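Engineer: Structure provided below as structure tokens; questions to follow.
The values are calculated or read from the model by the stated rules, or taken from the named source; none is laboratory data. Note that the coordinates shown come from a computational prediction; the quantities given were computed from them, not determined experimentally. All Cβ positions, glycine included, derive from the backbone under ideal geometry; neighbour counts span all protein chains shown.
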Amino acid sequence: MSENVPQVLSVAEIYPEALQESQKQRWEHLLAKFQELYGAPADYISRSPGRVNIIGEHIDYMLYSVIPMAVTADFLLAVRLVPGSSTVKLANVLPKFPTREFTIPTTGDLEIDATQHEWSNYFKSGLRGAIELLQKRDGTTRQVGMEILADGTVPSGAGLSSSAAFTCASALASLVAMGEKIVNQKDLVNLAVVAERYVGVNSGGMDQSASVLGQAGSALYISFHPALTAQPIAFPTTSPELTFIIADTLVTADKHTTGPINYNLRVVECTLAAQILAKKLNLGALPADAGPLGNTLKGLMDVYYASSASLPLEQKLEALIDLTKSTLTQEDGYTREEMAAILDTNVDELVRRYMTRFPIRAERFNLRSRAIHVFSEALRVTRFQALLASSSNSNSDTILTQLGALMNESHDSCRDLYNCSCPELDELCSLARKAGSYGSRLTGAGWGGCSVHLVPQDKVEAVKEAWKKEYYEKNFPDMSAEKIEGAVVVSKPGSGAVLFKVT
Ligand code: NG1
Ligand code: MG
């Protein structure tokens, strides 16, 4: 963990003084509703925010560094402990999420049915992660009953990681319920990353890291290899001021139903690209132990380490892009049979090893373009960070143009090499660039959801107006002005997960 990131989350005695008035009302409403629903006050509130990824898309699960920031939208869980019980009652302030009740088993795993797209699964995943962490430490499951009321403001399926906000808030609430007085941030991130996979998405660690470690006013440079580190990074102080605008396509991407043909498929394509590169380049077997995020599938970061040239980071990534182009030559992809033959195995074994825990639906696997995307995106993150590090002594307009260009290239690579954009995301980005954005790209997994834009303050209105006229009013003519207004958010970097004691 980087030195400038505090290592523990302690329990605050009161809820935050610094809450804005609108947030205060929301917290008070949550606590009042809690009292009404359960007939007793909540003991504490666990909070974890969503995040927006500024650059570094679809590379966290290959263990390359990313630059996200926590947003102010978050997930709150008000909790009351019920001593002597092992029943969990879970309700949501929004009636569209039905109330659920379940029991924590004394032995064995807490069951999560990942085939069902069910909101309580995210609570269970955080709880299960917390149970497993403590079981590993003291060998027993601590029985605990909880009454919970949830309130989330991160839109779901929008690429702002409502899922990680929920899982992290749940893991934190559960650890405290099971008697933890102090929660190590790094433990919380690691358990939440592994836990979220119980919901059926083979995700990387960016979202949970940003949600737990977020710092007000800073983006984070997050690295996963060889261990999790997070450094706050500042953007240049400019005049006019710099803003990040997040614009939602209002097209939702549901990774749980489409995982086998998009997100989980991409993870498998990258993993197999790594295996086949290693084989064809005689890099030797990639290490078989579990990676730093508990993922046993070995990926493109291992190829990076195994490839012999001891070049500086940027040059090595450039060399890997060239090697990928000359080694993975099939532009129309590889079949299971072709991949099995290259790896000296059979199709059944290939499927068992790489496509069973998270099932995949595909005929051809596009190893070449996925690997080129990952190496080139990792390169863009490195360049982005280097630009920010040097920004204080350079002309800010040049820096902003260069940062923006990297964001634009990232979007193009997501669209053309990773095939994770959609026409709506492309349109929001091109409208914003025309209206004065320095850089515009999809954010999060893609295939819908949100886009992020680096815009000088004096262009914000023009960009918003362009979207309103050319995108929202045209594509959603029946939508209320309020809903359209809510689809665009100017966000400042927010703070990370925290627990507030109420009583
Ligand atoms: P979203 O879809 O925004 O939650 C997902 C992954 C991330 C990362 C991005 C793509 C989950 C929980 N998170 O984010 O780990 O891989 O896609 O960069 O699935
Ligand atoms: Mg998510």
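Engineer: Could you name every one of the helices (runs of 4 or more DSSP H) located completely within the range 396-503 that has at least 1 residues being aromatic (Phe, Trp, Tyr), more than 16 Å from ligand 1 (Cβ to nearest atom) and outside the structural domain of Asp187 (by the TED database)?
Structural biologist: 460-467
Engineer: Now for a separate question. Criterion first (closer than 19 Å to Leu388 by Cα, of a type in the set (A, V, I, L, M, F, W, C) and away from ligand 1 (no atom under 13 Å from the Cβ)) does Ala273 satisfy it?
Structural biologist: So Ala273 does not fit the description; no.
Engineer: I would also like to ask the following. Please go through (1) more than 29 Å from Ser223 (Cβ to Cβ); (2) surrounded by 13 or more Cβ atoms within 10 Å (Cβ to Cβ); (3) small (Gly, Ala, Ser) for Ala73 and return the number of the only condition it doesn't satisfy.
Structural biologist: (1)
Engineer: Let me ask something else. So for the range 223-238 (the condition being in the same structural domain as Val154 (by the TED database), closer than 30 Å to His117 by Cβ, within 15 Å of ligand 2 (Cβ to nearest atom) and surrounded by 22 or more Cβ atoms within 10 Å (Cβ to Cβ)), does at least one residue qualify?
Structural biologist: No; the residues of the range 223-238 include none that is in the same structural domain as Val154 (by the TED database), closer than 30 Å to His117 by Cβ, within 15 Å of ligand 2 (Cβ to nearest atom) and surrounded by 22 or more Cβ atoms within 10 Å (Cβ to Cβ).
Engineer: Between Ser174, Ser170, which is touching a Gly at 6+ places or on another chain (Cβ under 9 Å), more than 16 Å from ligand 2 (Cβ to nearest atom) and assigned to a helix (DSSP H, G or I)?
Structural biologist: Exactly one residue qualifies, and that residue is Ser174.
Engineer: Exactly one of (1) crowded, with 20+ Cβ neighbours inside 10 Å; (2) under 20 Å from Tyr354 (Cβ atoms); (3) of a type outside the set (Ser, Thr, Tyr) is unmet by Ala192. Its number?
Structural biologist: Just one mismatch for Ala192, condition (2).
Engineer: Name every residue in the range 199-222 that is at positive phi and surrounded by fewer than 22 Cβ atoms within 10 Å (Cβ to Cβ), in order of residue number.
Structural biologist: Taking the range 199-222 and keeping what is at positive phi, we get 200, 217.
Answer for the range 199-222, where residues must be at positive phi and surrounded by fewer than 22 Cβ atoms within 10 Å (Cβ to Cβ): just Gly217.
Engineer: Among all residue pairs at least 6 apart or on different chains, which show Cβ distances below 7 Å where the first residue, located in the range 330-343, is assigned by the TED database to the domain that holds Leu281 and the second is part of a loop (DSSP other than H, G, I, E, B) and not aromatic (Phe, Trp, Tyr)?
Structural biologist: Asp332/Arg364; Gly333/Arg364; Gly333/Asn366; Tyr334/Arg364; Thr335/Glu363; Thr335/Arg364; Ala340/Asn346
Engineer: Going through the range 65-99 one residue at a time, which ones are more than 16 Å from ligand 1 (Cβ to nearest atom), among the charged types (D, E, K, R) and touching a strand residue (DSSP E or B) at 6+ places or on another chain (Cβ under 8 Å)?
Structural biologist: Passing the criteria: Arg80, Lys89.
Engineer: Looking only at the range 100-114, which residues are touching a strand residue (DSSP E or B) at 6+ places or on another chain (Cβ under 8 Å) and farther than 17 Å from Leu133 by Cα?
Structural biologist: Those that are touching a strand residue (DSSP E or B) at 6+ places or on another chain (Cβ under 8 Å) and farther than 17 Å from Leu133 by Cα: Arg100, Glu101, Phe102, Thr103.
Engineer: Further, regarding this structure: Filter the range 300-334 for residues that are touching a helix residue (DSSP H, G or I) at 6+ places or on another chain (Cβ under 9 Å) and of a type in the set (Ser, Thr, Tyr); which is surrounded by the most Cβ atoms within 10 Å (Cβ to Cβ)?
Structural biologist: Only one residue tops the list, namely Thr324.
Engineer: Residues to consider are Ile246, Ile233; find the one that is in contact with a helix residue (DSSP H, G or I) (Cβ under 7 Å, 6 or more places away or on another chain) and at pLDDT 90 or above.
Structural biologist: Of the residues listed, the single one that is in contact with a helix residue (DSSP H, G or I) (Cβ under 7 Å, 6 or more places away or on another chain) and at pLDDT 90 or above is Ile233.
Engineer: Another question about this same structure. Contact list please: Cβ distance under 6 Å, first residue in the range 423-442 and more than 15 Å from Asp248 (Cβ to Cβ), second residue not aliphatic (A, V, I, L, M), pairs at least six apart or on different chains.
Structural biologist: Arg433/Ser440; Gly436/Lys459; Ser437/His453; Tyr438/Gly404; Gly439/Gly404; Gly439/Asn408
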